[in-house]
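The values are calculated or read from the model by the stated rules, or taken from the named source; none is laboratory data. This structure is a prediction, so every number in the text was calculated from the model and none was measured. Backbone-built Cβ (ideal geometry, glycine too); neighbour counts: all protein chains shown. Note: accessible area is taken over every heavy atom of the protein model, side chains too, but ligands, DNA and RNA are not part of it. Shrake-Rupley method; radii C 1.70, N 1.55, O 1.52, S 1.80 Å.
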Amino acid sequence: MAKKTKGKNTPNKKDDKASIETPKKERPAFYYLLGILALAAIVFLPAVNHDFVNWNDDLFILGNEAIEGLAAENISAFFSGPVNGIYQPITFMTLALNFAISEYDSGSYIGLNILLHLMNIALVFFLLYKLTGNKILLASLAALLFALHPIQVEPVVWVSERGSILFATFILGSLLSLLHYQEKGKMILYILSIMLFADAALTKPSAIMMVPALAGLIYYQKGHAQKPMQWSRLFPYLIIGFVGVLLHQSMETGELVNNNYGVSDGVFIGCYNAAAYLSKMIFPIGLSPYNPFPSELPSLMKMGPLFLVVLIALVALSLKYTRVVLFGFVFYLSFILFDLQFLPEGEIMSANKWAYLPSLGIFFILAHGIDSVFTNTKSKLYNSRFIIGGIAAVAVLAMVYLSSQENKVWTDSETLWSRAIEVAPEQLSIPHNNRGIHYLYSNEQEKAMSDFDEAIKINPDFAGAYRNRGVVLENMGRTTEAISDLEKAIALEPDDAQSHANLSHIFFQKEDYNKALVYASDAIKLDPNQVDAYLDRAFVFSTINNFPAAVNDYNKYLEVRPNDDKAYSWRGAALRESGRMAESLTDFNKAIEINAQERIYYFQRSMTLEALGRVDDAYQDVMRAKEMGLPIEDEYIQRFGK
């Protein structure tokens, strides 16, 4: 055995300080990263065949006309104000890019999420490779956990969580640029880091928490780097982060659900969540996509502060041996703090998506532990490294399987909400309601009815479930019961504009035009953006021969839905009855421009052309409609003298 000699490269007593040594010649890091990326692609790429889900996707993508363009005015609107109550300008720009590429093809949107996730995996690898002094095993293990852990699946395959993925991209890119600046001293790298951080601040207010994460990094580097980062370099991040918090507070207008929990309850909830996310990262079994606040705090949750105190004590004890645990825990706690619900808000108590970036701190600790087993020859576990390696390999295979199964949960709205019901069927009225909505629009009325019944059984005061069941009942022709459910929804939520609009539609079909007009007007008064109510009221006005009022409502509707060919045809008819022939002709021309295959438009235009005295043109339109299969009596054609 060779004699050991002491020198400048002799490891320090603390194993983690050995990272400043010059590493032995190893395979290029690219090969390790390529394997991780390939494995992640195998797990996630099947998601491109998923559909959008009716949880925020319907609000931010399918029902969001703001993303239907990348013109200067669209981009300006993203930065100047919120979209559907949320201020994430860069996120909405990327969604607009998806729309420009594929309109509403869900595969394009999910594919970009996956591409961003792969980019983040690479950023994690190079960040930790640089941070730890080129420890390739540590960087590979942490990147592997970040890439494949089941808790990461939700934000990657859920299109509406694009913001979480982008936020991580900006933070990781900012940190990596900062480390390169620290090494090379090039100011352009420091500026790049600050710019990427500013993008993160535009995406989420929690960007400001990179400051305490950087403080943890500085502490960690005192035992590792030859040139630790200077504290003064943190000030730009602090200022920009603070501005980001103020910007989001001033811009975001979304209304939060009152969950009946106060600040004192938030202490228990926040501490409990801090420990609960950790448990999910270590034992990712039984993950649920929907985790609402309980009706009352269970005893286990009231022990949250104790859990957190124990965690902090363990972190403090670890300082005797390493700085790694403290840095990883500070990174985790910093980036998840805003989402721990210390100030309870909304209907969701916890969500896997909120752990996407924070999880890296815990994965770093785990990866460091395994790396130490394999590289620290003085470790008591060194001789068991192959057994531990085998266990780690089994864990990786388990993660691949669990993540693949978690991926399938997000196939569509049915699989999503079925999973939520499966995990906690006794308490969740919203998953039943949302799955019922999926069945409703899939024309599976009986299944929809069953889910809405169950939602009401769980929560008899759930106005939305009554409203949705009313739609099913109307579809089934059970209008009396439908009216009863919609009236119940309004009794529970008097400001429910949609229920008023639905009642207007039912009474119009029943030819009770007075009630139809009242409910449509109430819907518009409650929500001026209720465009379908304008359309319903326009039908009522046309039916009772109040054509000028009908035109006004069609105008309101078409301001929001400028590509609805049927609405142009209906307004064209109302304009003709109002004696406004030139405008009527313009509307029919527009309807035909949008949809030249609709034969009735040619017949309707012929009536306007005849009123304008353009008999030959009117005749040509009549014949075109007949050639397209519209049944027209010969007697009608003979009126043109042909």
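If you go through region 86-103 one residue at a time, do you hit one that is polar (S, T, N, Q), buried (at least 19 other Cβ atoms within 10 Å of the Cβ) and not in a helix (DSSP H, G or I)? Yes - at least one qualifying residue is present in region 86-103. I need every pair where a residue in region 119-144 that is within 17 Å of Phe327 (Cβ to Cβ) and charged (D, E, K, R) has its Cβ under 7 Å from the Cβ of a residue that is assigned to a helix (DSSP H, G or I) and open to solvent by less than 30 Å² (accessible area, probe 1.4 Å), sequence separation at least 6 or different chains. Pairs that qualify, where the first residue is within 17 Å of Phe327 (Cβ to Cβ) and charged (D, E, K, R) and the partner is assigned to a helix (DSSP H, G or I) and open to solvent by less than 30 Å² (accessible area, probe 1.4 Å), are Lys130/Leu176; Lys130/Leu179; Lys135/Ser19; Lys135/Asp371. Here is the figure for region 60-92: residues that are touching a residue at least 40 places away in the same chain (Cβ under 8 Å) and within 14 Å of Leu166 (Cβ to Cβ) total 7.
Inspect region 432-441 for any residue being open to solvent by 10 Å² or more (accessible area, probe 1.4 Å) and assigned to a loop (DSSP other than H, G, I, E, B) and give the result as yes or no. Scanning region 432-441 turns up no residue that is open to solvent by 10 Å² or more (accessible area, probe 1.4 Å) and assigned to a loop (DSSP other than H, G, I, E, B). Considering only residues that are of a type in the set (A, V, I, L, M, F, W, C) and within 27 Å of the chain's Cα centre (by Cα), look in region 360-395 and name the one that is nearest to Gly133 (Cα to Cα). Ranking the qualifying residues of region 360-395, first place goes to Phe364.
When Tyr619 is tested against (1) in contact (Cβ under 8 Å) with a residue 24 or more places away in the chain; (2) over 51 Å from the mean Cα position of the chain (by Cα); (3) crowded, with 18+ Cβ neighbours inside 10 Å, exactly one condition is not met: (1). The set of residues from region 318-360 being among the hydroxyl-bearing types (Ser, Thr, Tyr) and in contact with a strand residue (DSSP E or B) (Cβ under 8 Å, 6 or more places away or on another chain) comprises just one member, Ser350. In region 559-569 there is at least one residue matching the filter, namely being open to solvent by 50 Å² or more (accessible area, probe 1.4 Å) and either of a type in the set (Lys, Arg) or at pLDDT 95 or above (or both).
What number of residues within region 280-303 are farther than 26 Å from Ser429 by Cα and not aliphatic (A, V, I, L, M)? Lay out the reasoning, then the answer.
Keep residues of region 280-303 that are farther than 26 Å from Ser429 by Cα, which gives 281-283, 303.
Next, from what is left, pick out any that are not aliphatic (A, V, I, L, M): 283.
Count: 1.
Does Phe547 count as touching a Ser or Thr at 6+ places or on another chain (Cβ under 7 Å) and either without any contact (Cβ under 8 Å) to a residue 60 or more places away in the chain or not aromatic (Phe, Trp, Tyr) (or both)? It is true that Phe547 is touching a Ser or Thr at 6+ places or on another chain (Cβ under 7 Å) and either without any contact (Cβ under 8 Å) to a residue 60 or more places away in the chain or not aromatic (Phe, Trp, Tyr) (or both).
Selection of region 174-195 for residues being more than 15 Å from Phe335 (Cβ to Cβ) and touching a residue at least 24 places away in the same chain (Cβ under 8 Å) yields Leu176, Leu178, Leu179, His180, Gln182, Glu183, Tyr190, Ile194.
Taking region 109-218 and the helices (runs of 4 or more DSSP H) fully enclosed by it, the elements with 2 or more residues that are more than 26 Å from Phe52 (Cβ to Cβ) are at 136-148, 162-184, 187-203.
Would you mind finding the one in Ile348, Ile312, Ile362 that is open to solvent by less than 60 Å² (accessible area, probe 1.4 Å) and without any contact (Cβ under 8 Å) to a residue 60 or more places away in the chain? It would help to see each step written out before you state the result.
Values: Ile312 fails: open to solvent by less than 60 Å² (accessible area, probe 1.4 Å); Ile362 fails: without any contact (Cβ under 8 Å) to a residue 60 or more places away in the chain.
One residue alone meets the criteria, Ile348.
Whether a residue is under 30 Å from Leu297 (Cβ atoms) and either among the charged types (D, E, K, R) or without any contact (Cβ under 8 Å) to a residue 12 or more places away in the chain (or both) was assessed, and Pro460 passes this test. On inspection, Val53 qualifies as buried (at least 17 other Cβ atoms within 10 Å of the Cβ), assigned to a loop (DSSP other than H, G, I, E, B) and modelled with pLDDT of 50 or more.
Just checking: which of the helices (runs of 4 or more DSSP H) contained wholly in region 462-532 hold 2 or more residues that are open to solvent by 10 Å² or more (accessible area, probe 1.4 Å), polar (S, T, N, Q) and under 19 Å from Gln445 (Cα atoms)? So that I can check it myself, show each step before the final result.
Values: elements: 463-475, 479-492, 497-509, 513-526.
In region 462-532, 463-475, 479-492 are the helices (runs of 4 or more DSSP H) which contain 2 or more residues that are open to solvent by 10 Å² or more (accessible area, probe 1.4 Å), polar (S, T, N, Q) and under 19 Å from Gln445 (Cα atoms).
Results for (1) touching a Pro at 6+ places or on another chain (Cβ under 6 Å); (2) surrounded by 16 or more Cβ atoms within 10 Å (Cβ to Cβ); (3) in a helix (DSSP H, G or I), shown as yes or no for each residue.
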site	(1), (2), (3)
Arg385	no, yes, yes
Gly389	no, no, yes
Val394	no, no, yes
Glu406	yes, yes, yes
Glu422	no, no, yes
